[in-house]
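Visitor: This is the structure, below, for whatever I ask next.
The values are calculated or read from the model by the stated rules, or taken from the named source; none is laboratory data. Predicted, not measured: the structure shown is a model, and the values here were computed from it. Here the Cβ is made from the backbone with ideal geometry for all residues, glycine too, and neighbour counts use every protein chain on show. Accessible surface areas use protein heavy atoms only, side chains included; no ligands, DNA or RNA. Shrake-Rupley method; radii C 1.70, N 1.55, O 1.52, S 1.80 Å.
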Amino acid sequence: MACNHCPSEVSNAATDALWRQALWIALAVNGGMFAIELIAGVMADSKSLQADALDFFSDAANYAISLGVAGMALAWRARAALFKGITLLLLGAYVVTAVVVAALQGSSPEPFVMGGVGIAALVANIAVAVMLFRWRSGDANMQSVWICSRNDAIANIAVVAAAVGVFGSGTRWPDLIVAGLMAALSFAGGWKIVRLAMAELRTASTQAAVHP
């Protein structure tokens with residue numbers, strides 16, 4: 001990275017090729033896990049699994065967006081990151097709503113399905129997070145992808161813990177509590193990405209003014 005960690009306007013060609021390859025792999029993994037977790041979440045009546053499935057969907061869409069802007073100017077990459085941050089904030093709001101509804105109307109989560117699918121999702125997300133680790137200090141767009149993958153791995157651990165809690169307590173509350181924590185994680189990650197993207201948009205605007 002040039003200029004003592006200032007984002008360069010155009011990504012290095014070799015780095016860009018590796019970045020695209022990593023994104024395609026991450027897109028395939030997240031797309032597949034979205035379908036698996038969504039079906040399992042509905043079957044198991046688990047809000048934490050359903051929240052994690054939506055997170056997989058959000059990540060898959062964001063990886064597709066990142067592929068579209070890879071190698072483009074800083075301003076476009078920052079706009080993509082801003083969109084991702086807003087998506088995470090909206091996802092968190094949806095999960096909070098689902099948790100409140102389930103708390104009021106009741107639910108009966110199935111712990112064995114939750115645990116099994118949660119472990120499979122954890123393995124998938126750890127593999128993706130390790131693959132993307134090298135880009136954790138890149139521009140806002142790269143950091144947003146790393147943050148999403150890191151948050152997913154943390155969420156999967158929480159889903160497995162929720163499954164243990166549901167099994168041990170015989171109640172829905174561990175599932176709902178974890179879903180609520182996942183919403184908080186989405187809010188925190190989304191806000192961080194939005195702040196990074198806005199800072200880079202200001203940088204891009206300044207660069208455009210200096211070098212029209």
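Visitor: For a quick protection proxy, order the peptides 118-126, 90-98 by their average other-Cβ count within 10 Å, most packed first. Please report the intermediate quantities before stating the final value.
Guide: Working: 118-126: 20.6, 90-98: 17.9.
The packing order, highest mean first, is 118-126, 90-98.
Visitor: Starting from the Cα gyration tensor of the range 60-124, take the square roots of the eigenvalues, sort them a ≥ b ≥ c, and report rounded, prolate or oblate (rounded when a/c is under 1.5, otherwise prolate if a/b is larger than b/c, else oblate). Mind dumping the intermediate values first?
Guide: On the way: a/c = 5.66, a/b = 1.84, b/c = 3.08.
Judged from the Cα gyration tensor, the range 60-124 comes out oblate (a/c at least 1.5, b/c at or above a/b).
Visitor: Nearest 500 deg cm²/dmol is fine: what mean residue ellipticity at 222 nm does the chain get from its DSSP H runs of n ≥ 4 alone, each adding -39,500 (n - 2.57), divided by its residue count?
Guide: -30500 deg cm²/dmol
Visitor: Got the relative contact order for the chain handy, in percent, Cα pairs under 8 Å and 6 or more residues apart? Let's see the in-between values first.
Guide: Values: 303 pairs, mean separation 59.9, N = 212.
Relative CO of the chain lands at 28 percent.
Visitor: Sorted by packing (mean other beta-carbon atoms within 10 Å per residue), highest first, where do 156-164, 197-205 land?
Guide: Going from most to least packed, we get 156-164, 197-205.
Visitor: On to the next question. Students often check this: by mean Cβ neighbours within 10 Å, which of 105-116, 41-52 ranks highest, and how do the rest follow?
Guide: Working: 105-116: 16.9, 41-52: 24.8.
Ranked from most to least packed, the peptides come out as 41-52, 105-116.
Visitor: Relative to the present Cα-Cα distance, how much length would full extension add between residue 134 and residue 188 at 0.36 nm per residue of separation?
Guide: Between residue 134 and residue 188, full extension yields 17.3 nm more.
Visitor: Determine the shape class of the range 121-212: with a ≥ b ≥ c the square roots of the Cα gyration tensor eigenvalues, call it rounded for a/c under 1.5, and otherwise prolate if a/b is greater than b/c, oblate otherwise.
Guide: oblate
Visitor: Please get the size of the charge dipole for the chain, origin at its Cα centre, with Cβ charges of +1 on Lys and Arg and -1 on Asp and Glu, quoted in debye to the nearest 20.
Guide: In total the dipole reaches around 480 debye.
Visitor: Ok, one more. Only helices at least 30 Å long along their own axis, judged from Cα atoms, and with Kyte-Doolittle mean hydropathy of 0.5 or greater: name those in the chain from DSSP H.
Guide: 13-44, 74-105, 111-132, 140-169, 173-210
Visitor: Among 73, 124, 63, pick out the residue whose Cα is farthest towards the positive end of the charge dipole of the range 37-127, where Lys and Arg carry +1 and Asp and Glu carry -1 on C-beta, about the Cα centre.
Guide: 73
Visitor: Report, to the nearest whole %, how much of the accessible area of the chain belongs to carbon and sulfur atoms, 1.4 Å probe, protein only.
Guide: Ligands and nucleic acids excluded, carbon and sulfur give 72 percent.
Visitor: In Å², what does the accessible area per residue of the chain work out to with a 1.4 Å probe?
Guide: 47
Visitor: Separation between the residue 205 and residue 90 pseudo-spin-labels, each 7 Å from Cα along Cα→Cβ, expressed in nm?
Guide: Output for this residue pair reads 2.3 nm.
Visitor: If you average 1/r over all unlike Cα pairs in the chain and invert the result, what Kirkwood radius do you get in angstrom?
Guide: Details: mean 1/r = 0.0569 Å⁻¹.
After inverting the pairwise mean of 1/r, the radius is 17.6 Å.
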